[in-house]
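The values are calculated or read from the model by the stated rules, or taken from the named source; none is laboratory data. Remember, it's a predicted structure, so these values are computed and weren't measured experimentally. All Cβ positions, even for glycine, are placed from backbone atoms using ideal geometry, and neighbour counts span all protein chains on display. Heads up: the accessible areas ignore ligands, DNA and RNA and are worked out on the full protein's heavy atoms, side chains in. Shrake-Rupley method; radii C 1.70, N 1.55, O 1.52, S 1.80 Å.
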Amino acid sequence: MAKERSIPAPMANPETEPFWAAAREGRFLIKRCTACGKAHWYPRACCPHCMSEATEWVESPGRGTIYSLSVMKRAPEVYAVAYVTLEEGPTMMTNIVECDYDSLAIGQAVQIAWRPTAEGGPPYPVFKPR
Amino acid sequence: MTIKGKAYIAGAYEHPTRLAKDKSVAQLHAESALGALRDAGLTKADVDGYFCAGDAPGLGPLAMADYMNLTLRHLDSTDLGGCSYIAHVAHAAEAIAAGRCSVALITLAGRPRSEGHSGATPRIRGADAPDTQWEFPTGVATVNAYAMVAARHMYQFGTTPEQLAWVKVAASHHAQHNPHAMLRDVVTVEQVVGSPLIATPLHRLDCCVVSDGGGALVVVAPEIARSLKRPLVKVLGAGESMKGQMGGDVDLTYSAGVRSGPAAFAEAGVKPADIQYASVYDSFTITVVVQLEDLGFCEKGQGGRFVADGNLISGVGKLPWNTDGGGLCNNHPANRGGITKVIEAVRQLRGEAHPAVQVKDCRLALAHGTGGLLGSRHGAATLIMERE
Ligand SMILES: [Zn+2]
């Protein structure tokens, strides 16, 4: 495997702290709305679908498929930016790792992986082929 | 209320510089403003409305308005990214129609080339933006956010790299006639797809230039327009919108142009087939393909076929487009291509485009753009203008 790029630390705020605290325990949380029943991404206190405040954190197995991707060639370490559609419904921007960049494809099944971030930040959710 | 016929674009000026190592951003704004006022036959004292966006240094419009020492009764610093200035023309027309001002000045300027910016370098767009902690760690650069749109378009509609390349080919055919254009060499489809991949599936020649520069527009009330010596370019209709990730219901196949375009056409009372010249923001080749579909110049998914075989080349194809060479070849000042889109449309409507690319008897033109990142969250603005 080629050397991976260093990932900058995500800056948590009070609204998102539970996500990053769970990430430190290796758990992947997403938000779901108890009013309309729909999951969303990125996590918010107010549901982006119905504006209800009745949202809850739920643990996700972190399985999905690649919706689109772009392999960044013009960088010291090649990396892949992608949108992954989770089995729960929402599509999230992320990276694909532990893969052959030239054979990555839309529709490919992926599962969550975690990567450390700079300056002791919380782990960041990325995906790898499954 | 409608803005149809309520305002005219009397002044338009594109700063000739493409590398401004020895100028400040404020200076470029002011030089552009002066150029547009001279073009209109007006002076600073006539200006009573001022419009700018995030490229203007300082807080909103305040620092630039003070730098130019304007006396104003209307200010607007709406920022929709690179298409802001297209929206500003509409906002100026609204303000004029409401009696809030009668001579509106719009400026843009920046020096990303001198400052070493690149669309291939990830940058934070607001540390406190709610999306930053989720997306900035991915290393998503501007080019990736457009490349993912291209990848999905190819997957879903069978669009090819060669079809995207035709957009750049058309821009280069036009740029060869523009002495100010950064890239004046005509290129072929083979050269575009043979240029290095920057971010799959986009090649170097699918990407716009990075240039210093600026531009300005002067929008005026009808009675003022008629008192000036310039051809009458009337605002017919406009629309604006935005599109994001829709809470995770991401759909990269269309842009906010699906809302701004139809709104503009409805207000103007015309349809895409009536448009004789179109300026459509070309940050990347894929940007043009998606927007042409969303504006209704072709069916969704057919944009690749529509742009192929020189269909955007003036005098060759059905839709003369970006006849200044666009952002792909001419100029992309401040990394924001909206104002140059309006400026070239005004040149076309006045009959002042380069003779090699001038559309014969051009009476109806469109300027459209997106701003921000097409693949995550972007603004869109559409403007339809008529030569009276
Ligand atoms: Zn809800």
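The figures follow:
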item	result
Order by protection proxy (mean Cβ within 10 Å, highest first), peptides B:273-285, B:336-348	B:336-348, B:273-285
Positive-pole candidate from B:Ala356, B:Leu328, B:Tyr277, dipole of the protein assembly as shown, charges at beta carbon	B:Ala356
Cα Rg over Rh - region B:1-148, Kirkwood	1.02
Number of partner chain Cβ atoms within 10 Å, mean per residue of A:6-16	3
Residue (of B:Met148, A:Tyr83, B:Val342) at the positive-pole extreme of the protein assembly as shown, dipole from beta-carbon charges	B:Val342
Isolated Cys residues of the protein assembly as shown, judged by Cβ distance under 4.7 Å to other cysteines	A:Cys46, A:Cys99, B:Cys52, B:Cys83, B:Cys101, B:Cys207, B:Cys208, B:Cys298, B:Cys329, B:Cys362
Pairwise label distance in nanometres, A:Val58 with B:Lys44, each label 7 Å out on the Cα-Cβ vector	6.2 nm
Relative contact order (percent, whole number), region A:17-129, Cα cutoff 8 Å, 6+ residue spacing	22 percent
B:Asn335 long-range amide H proximity, modeled H, under 5 Å	B:Ser211
Whole-percent carbon and sulfur share, accessible surface of the protein assembly as shown, 1.4 Å	52 percent
Cα centre as origin, Lys/Arg/Asp/Glu Cβ charges: chain A dipole, Debye	200 debye
Relative packing of peptides B:31-40, B:215-224, B:55-64 - highest average C-beta neighbours within 10 Å first	B:215-224, B:31-40, B:55-64
Degrees between helix B:257-268 axis and first principal axis of chain B (Cα, 0 to 90, nearest 10)	40 degrees
In Hz, Karplus ³J(HN,Hα) per residue of region B:228-238 (6.51, -1.76, 1.60; θ = phi - 60°; x = Gly, Pro)	9, 9, 8, x, 8, 10, 9, 7, 9, x, 8
Options A:Ala118, A:Thr55, A:Pro129, ranked by Cα towards positive dipole end of region A:17-129, top entry (Cβ charges)	A:Thr55
Under 5 Å, built H, 5+ apart or other chain: amide partners of B:Thr121	B:Thr142
Protection proxy ranking of B:233-239, B:124-130, B:349-355 - average other beta-carbon atoms within 10 Å, highest first	B:233-239, B:349-355, B:124-130
Above-threshold pairs, the threshold being 29 Å between Cα atoms, out of B:Lys6/B:Lys229; A:Lys73/B:Lys23; B:Lys168/B:Lys300; B:Lys229/B:Lys341; A:Lys3/A:Lys38; B:Lys23/B:Lys341	A:Lys73/B:Lys23; A:Lys3/A:Lys38
Summed buried accessible surface, chains B and A, 1.4 Å probe, nearest 100 Å²	3200 Å²
Relative contact order [Cα under 8 Å, 6+ residues apart], chain B, whole percent	26 percent
Exercise: per-residue mean of other protein chain Cβ atoms within 10 Å, B:249-256	3
Intensity falloff of region B:59-122 expressed as log10 I(q)/I(0), Debye formula with alpha-carbon point scatterers, at q = 0.14 Å⁻¹	-0.52
The protein assembly as shown, helix-only ellipticity at 222 nm - DSSP H runs n ≥ 4, -39,500 (n - 2.57), divided by all residues, nearest 500	-7500 deg cm²/dmol
Over region A:75-130, relative contact order from alpha-carbon pairs under 8 Å, at least 6 apart, %	30 percent
Per residue, the convex hull volume that the Cα atoms of the protein assembly as shown enclose (Å³)	146 Å³
Using alpha-carbon coordinates, inclination of helix B:285-295 to the longest axis of chain B, degrees	70 degrees
Fluctuation leader among B:Leu312, B:Leu328, B:Leu228 - chain B, Gaussian network, Cα springs under 10 angstrom	B:Leu228
A:Arg115 long-range amide H proximity, modeled H, under 5 Å	A:Tyr124, A:Val126
Residue-normalised accessible area of region A:17-129, given per residue in Å² at a 1.4 Å probe	41 Å²
Quotient of Cα Rg and 2.2 N^0.38 Å for chain B, N being how many residues it contains	0.90
Residues along region A:23-47 losing 20 Å² or more of accessible surface when the other protein chains are present rather than the chain by itself (probe 1.4 Å)	A:Lys38, A:Trp41, A:Tyr42
Principal axis dimensions, largest first and in whole angstrom, of region A:17-129 by Cα	43, 33, 22
Shielding score for A:74-85, defined as the mean number of other chain Cβ atoms within 10 Å	5
Acute angle (nearest 10 degrees) that the helix B:338-350 long axis makes with the longest principal axis of chain B, alpha-carbon atoms	70 degrees
Euclidean distance of C-alpha centroids, region A:1-67 and region B:56-74, integer Å	41 Å
